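Chemist: To start, I am sharing the structure in question, which I have written as structure tokens.
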Amino acid sequence: LTNNAAERALRTLALGRKSWLFAGSDRGGERAAMMYSLITTAKMNDVDPQAWLADILTRIASHPLHRIEELMPWNWIAPQSQSSAAQVA
């Protein structure tokens, strides 16, 4: 087993540390860390982070809490765009 993926993810964090020095507050830093974690998790599951976040942020408020696992990157299924649905029909 190797930890190359984890080390590569940390390398990005180390390179950006100086740029991210000012998150505004401790709370802002915590939120930035959460977003970074979500984006990295999506990438590690071969999911486009922007498409995933755009979809789940529109659905999460009305999604049942007991089924929240369905929205995780490893279970997420991208919604079909209207153009791809029209091609199938």
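Chemist: Tell me, please, whether a residue that is at pLDDT 85 or above, surrounded by 12 or more Cβ atoms within 10 Å (Cβ to Cβ) and among the aromatic types (Phe, Trp, Tyr) can be found in the range 20-29.
Modeler: The answer is no, given that none of the residues of the range 20-29 is at pLDDT 85 or above, surrounded by 12 or more Cβ atoms within 10 Å (Cβ to Cβ) and among the aromatic types (Phe, Trp, Tyr).
Chemist: Could you count how many residues in the range 39-57 are touching a residue at least 24 places away in the same chain (Cβ under 8 Å), touching a helix residue (DSSP H, G or I) at 6+ places or on another chain (Cβ under 8 Å) and hydrophobic (A, V, I, L, M, F, W, C)?
Modeler: Number satisfying all stated conditions: 3.
Chemist: Something else: Taking ALA9 and the conditions (1) surrounded by 12 or more Cβ atoms within 10 Å (Cβ to Cβ); (2) at pLDDT 85 or above; (3) part of a helix (DSSP H, G or I), which numbered condition does it fall short on, given that it satisfies the others?
Modeler: Of (1) surrounded by 12 or more Cβ atoms within 10 Å (Cβ to Cβ); (2) at pLDDT 85 or above; (3) part of a helix (DSSP H, G or I), only one is false for ALA9: (2).
Chemist: Those residues that are under 20 Å from ALA5 (Cβ atoms) and either over 9 Å from the mean Cα position of the chain (by Cα) or in the same structural domain as ASN3 (by TED's automatic domain parsing) (or both), I need them from the range 53-74; list them, please.
Modeler: Within the range 53-74, just TRP74 meets the criteria.
The values are calculated or read from the model by the stated rules, or taken from the named source; none is laboratory data. Computed from a predicted model, the values in this text were never measured in an experiment. Because the Cβ atoms are built from the backbone with ideal geometry, glycine has one as well, and the counts that use them run over all protein chains shown.
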